[in-house]
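Written out below as structure tokens is the structure these notes cover.
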Amino acid sequence: MMRKLIVVVSVSAAAAVAFQVVFRTAGSSPPIPDQELGLRKTALADDRAPATYTLTDAAPGDNQRMPRAYDGAPPLIPHSLDGFTPITSSENTCLLCHQTGTADAADPPQVPVSHMTDLRNAPTVQRETVAGARWNCTACHVPQSNAPLLVANTFATKGK
Ligand code: HEC
Ligand code: HEC
């Protein structure tokens, strides 16, 4: 009985020492200063409200299309979305202009063939209308804005 007790006591003592070693080692790396925790580059306590920005209020036809960020990137929407959202399961105002069924160059740019294809289940079939995964246009396309960059960026676009 006594022997068992000694074993238990010494095993717990060893565990406590091991725990301290691990704990102290982990605690010995210096803490990360809060200036380095995120994109804001300022102490959390001094945080200021982010710069405000506005989305474009241009009507369709009144603004410039921006170059793509890279080949294959979803283009930014150059016009305001006032009155065109929300997109619901039964209503999609975007398609009234972007899928007119004519190939008139004066029309708004038409949804590309990629949007009429269910790339996951039937990648070789071109459908009559947009595939379900493309229905919610604003999941990928966002309006142009005057938001300042959060961090300086030297990326140069090669997109058209
Ligand atoms: C009343 C017609 C109209 C409606 C509705 C409309 N658009 Fe447009 N859209 C245009 C026109 C016209 C352009 C061409 C650029 C310009 O002249 O403003 C355009 C351009 C775009 C472009 C840029 C394409 C490129 O290659 O640069 C995207 C993306 C776009 N619209 C997405 C949308 C989405 C998403 C919606 C719905 C939330 C929508 N549009 C609703 C007329 C419309
Ligand atoms: C899953 C992401 C995604 C969704 C959802 C989506 N798009 Fe796109 N869209 C893209 C990408 C990526 C491109 C550029 C590559 C391409 O042409 O396929 C693009 C290109 C376009 C273009 C440019 C065509 C051109 O010839 O310049 C238009 C217009 C457009 N989309 C409209 C729409 C509309 C309207 C919807 C909703 C019905 C929509 N998109 C939904 C990703 C998406």
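Each value in this text was obtained by applying a stated rule to the coordinates, not by laboratory testing. These numbers come from a predicted model, not from an experiment. Note that each Cβ is placed from the backbone with ideal geometry, even for glycine, and that neighbours are counted across all protein chains shown.
Structural remarks
- Net charge of Cβ neighbours under 12 Å - reference His79; Lys, Arg +1; Asp, Glu -1: -2
- Alpha carbon centroid spacing (whole Å) that separates the range 96-110 from the range 113-136: 18
- Rough spin-label spacing in nm, given labels placed 7 Å along Cα→Cβ, for Thr52 and Ala152: 2.8
- Taken over the Cα atoms of the range 45-97, the convex hull encloses 180 Å³ per residue.
- For Val151, Val125, Val142, order by how many other beta-carbon atoms lie within 10 Å, fewest first: Val151, Val125, Val142
- Two numbers describe the Cα atoms of the range 47-151: Rg and Dmax, which are 15.8, 52 Å.
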